[in-house]
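The values are calculated or read from the model by the stated rules, or taken from the named source; none is laboratory data. Because the structure is predicted, anything quoted here is derived from the model rather than measured. Glycine also receives a Cβ, built like all others from the backbone with ideal geometry; neighbour counts cover every protein chain displayed. To get the accessible areas, we keep the full protein, side chains included, count just its heavy atoms, and leave off ligands, DNA and RNA. Shrake-Rupley method; radii C 1.70, N 1.55, O 1.52, S 1.80 Å.
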Amino acid sequence: MVAYRYLGNSGFKVSEITYGNWVTHASQVDDDDAIATVHAALDAGITTFDTADAYANLAAEEVLGRALSGQRRESLEIFTKVYFPTGPKGPNDTGLSRKHVLESINGSLRRLGTDYVDLYQAHRFDAETPLEETFQAFADIVRQGKALYIGVSEWTAEQLREGHALARELGVQLVSNQPQYSMLWRVIEGRVVPASQELGISQIVWSPMAQGVLSGKYAPGGAVPEGSRATDRRGGAKFIESFLRDDVLAAVQRLRPIAEQAGLTMPQLAIAWVLQNANVASALVGASRPEQLAETVRASGIKLDADTLAAIDDALGDAVFADPEHTYSMAPETRLA
Ligand code: NDP
């Protein structure tokens with residue numbers, strides 16, 4: 001079964017493996033498979049689910065809502081997000097203004113078929129809205145009982161500090177940040193993690209398997225496997241592209257004997273690796289098929305020893321990207337429209 005960790009310095013626990021539905025539900029994967037995969041997650045002991053209003057332009061939340069209907073609400077932790085343009089993508093259908101945040105939460109709850117989300121996340125920092133305005137809107141949502149906790153995604157250490165101070169002033173809990181983190185992408189280690197530790201904020205980390213690349217199924221110089229994200233023309237192929245370089249793929253193949261030595265599969269090694277970081281509350285995995293989750297959940301509770309961690313660093317070498325400055329490129333200076 002999957003272990004639980006506290007989210008930030010709150011009393012709220014999440015399963016240390018969360019299932020997210022970006023680029024899969026209402027997109028790469030048909031609804032029956034999406035629902036079967038959510039049920040496989042539940043069967044495997046995952047109770048925490050992540051989505052966003054912008055995934056499949058509002059449609060992914062609806063699929064998740066249908067897949068979770070009939071479950072005991074108190075036994076689930078449901079996360080969603082606001083920021084990226086949605087619907088007709090008009091001037092107020094984006095960002096973190098009071099108008100968009102208060103309207104978005106209502107739409108998300110309707111599509112998810114629930115009265116509240118456990119965690120409501122600012123999908124990016126909005127440089128065009130005063131942070132006070134955003135946090136006042138978040139505080140109202142919490143007081144209305146529509147969200148229990150507040151989180152953010154891909155915020156820099158400075159932005160986390162500012163947000164944390166405002167949240168505290170308004171009496172709401174900013175408990176999490178959602179950044180990309182994997183053996184190949186370690187940019188949060190330099191600044192975001194130390195600041196978060198100080199503030200009592202956890203990381204819920206996305207693409208811990210580098211979108212499937214760390215499963216080892218993409219061979220250097222080879223054709224990409226049929227049915228994989230790299231073949232998904234509805235969105236996935238574009239997002240995974242930056243990892244599909246021969247030097248990266250060759251480095252990933254060098255992880256195979258390390259995984260074998262540790263008695264793990266490659267996907268399990270990737271998930272176990274992010275969970276070694278104590279500031280990570282949950283590895284936010286994707287899956288296009290139920291059997292993938294049955295495999296990855298077995299990474300929960302695995303302890304990797306120092307020799308294994310050192311061997312991973314040796315094997316990956318220069319394929320690892322760790323420049324903390326790069327967090328900024330994920331936090332746009334102007335709002336996306
Ligand atoms: P992963 O790195 O876990 O990649 C998941 C993909 O890898 C699957 O869809 C599948 O793709 C492949 N895969 C999974 N398990 C296996 C396996 N056992 N063997 C082989 N291949 C496997 O995470 P994602 O990139 O999907 O991101 C996870 C979640 O993170 C999202 O759903 C979303 O909730 C969140 N996210 C948040 C972002 C943010 O800005 N806050 C940005 C991006 C994601 P396939 O079978 O198609 O090859």
Can you find a residue that is open to solvent by 10 Å² or more (accessible area, probe 1.4 Å), within 11 Å of the ligand (Cβ to nearest atom) and in contact with a Lys or Arg (Cβ under 7 Å, 6 or more places away or on another chain) anywhere in region 25-32? yes
Residues that are in a loop (DSSP other than H, G, I, E, B) and among the basic types (K, R): does region 251-270 have at least one? yes
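Yes or no, residue by residue, for (1) crowded, with 18+ Cβ neighbours inside 10 Å; (2) under 25 Å from H164 (Cα atoms):
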{"position": "A56", "(1), (2)": "yes, no"}
{"position": "A67", "(1), (2)": "yes, no"}
{"position": "V82", "(1), (2)": "yes, yes"}
{"position": "G90", "(1), (2)": "no, no"}
{"position": "R98", "(1), (2)": "no, yes"}
{"position": "V117", "(1), (2)": "yes, yes"}
{"position": "T129", "(1), (2)": "yes, yes"}
Could you please give the count of residues in region 285-300 that are more than 8 Å from the ligand (Cβ to nearest atom) and not charged (D, E, K, R)? 5
From the list V248, V187, V172, which residue is buried (at least 19 other Cβ atoms within 10 Å of the Cβ), modelled with pLDDT of 95 or more and within 29 Å of K146 (Cβ to Cβ)? V172
Test H164 against the stated conditions and say whether it is buried (at least 17 other Cβ atoms within 10 Å of the Cβ), within 18 Å of the chain's Cα centre (by Cα) and either within 28 Å of R186 (Cα to Cα) or touching a residue at least 24 places away in the same chain (Cβ under 8 Å) (or both). no
What number of residues within region 131-145 satisfy the criterion of being in a helix (DSSP H, G or I) and open to solvent by 10 Å² or more (accessible area, probe 1.4 Å)? 7
Going by what's in this entry, would E154 be described as outside any loop (DSSP other than H, G, I, E, B), modelled with pLDDT of 95 or more, of a type in the set (D, E, K, R) and under 26 Å from G200 (Cβ atoms)? no
Among the residues of region 217-241, how many are away from the ligand (no atom under 12 Å from the Cβ) and either under 15 Å from L184 (Cα atoms) or touching a helix residue (DSSP H, G or I) at 6+ places or on another chain (Cβ under 8 Å) (or both)? 4
Go through region 194-229 residue by residue and tally those that are open to solvent by 10 Å² or more (accessible area, probe 1.4 Å) and of a type in the set (A, V, I, L, M, F, W, C). 6
Which number in (1) in a loop (DSSP other than H, G, I, E, B); (2) touching a residue at least 60 places away in the same chain (Cβ under 8 Å) marks the one condition that D118 misses? (1)
Evaluate the following for T37: is it at pLDDT 95 or above, within 26 Å of R168 (Cα to Cα), touching a helix residue (DSSP H, G or I) at 6+ places or on another chain (Cβ under 6 Å) and crowded, with 17+ Cβ neighbours inside 10 Å? no
Condition check: part of a strand (DSSP E or B), open to solvent by 40 Å² or more (accessible area, probe 1.4 Å) and more than 30 Å from A311 (Cα to Cα). Does L148 satisfy that? yes
Looking at R234, R168, can you tell me which residue is over 21 Å from I17 (Cβ atoms) and part of a loop (DSSP other than H, G, I, E, B)? R234
So, in region 193-215, of the ones that are near the ligand (Cβ under 8 Å from one of its atoms) and not aliphatic (A, V, I, L, M), which residue ends up farthest from L255 (Cα to Cα)? W206
